[in-house]
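Below is one structure; the comments refer to it alone.
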Amino acid sequence: MARAAARAYLGAMTDRITTLERAFELARSGDCASISDVREKLVAEGYSLQQLTGPTLLKQLRTLCTASYVPAEVEPQG
């Protein structure tokens, strides 16, 4: 039984995309205005932030966030 559980666990691990892949997905999604937003969503989804380092990577993500971000519409009051 333990062996079957281990196989299921390992199988589930390989189905999950990497932190970097998910960061790029989030940056392109239009939901993240900044790297901080990307980081916040990654942590909420259980990803580690250890791979999100380096000026080139952060510049790429920042550029994607800026190009893709769509602010939420504010409903008029009254």
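Rule-based calculations on the coordinates, nothing more; no lab input. Predicted model, so just to flag it, every value in this text is computed and none were measured. Reconstructed Cβ throughout: ideal geometry from the backbone, glycine too, with neighbour counts over all protein chains shown.
Taking only the alpha carbons of the stretch 17-68, we obtain Rg and Dmax values of 9.6, 26 Å in that order. Net charge of the neighbourhood of Asp37, taken over other residues with C-beta under 12 Å away and scored Lys/Arg +1, Asp/Glu -1, is +1.
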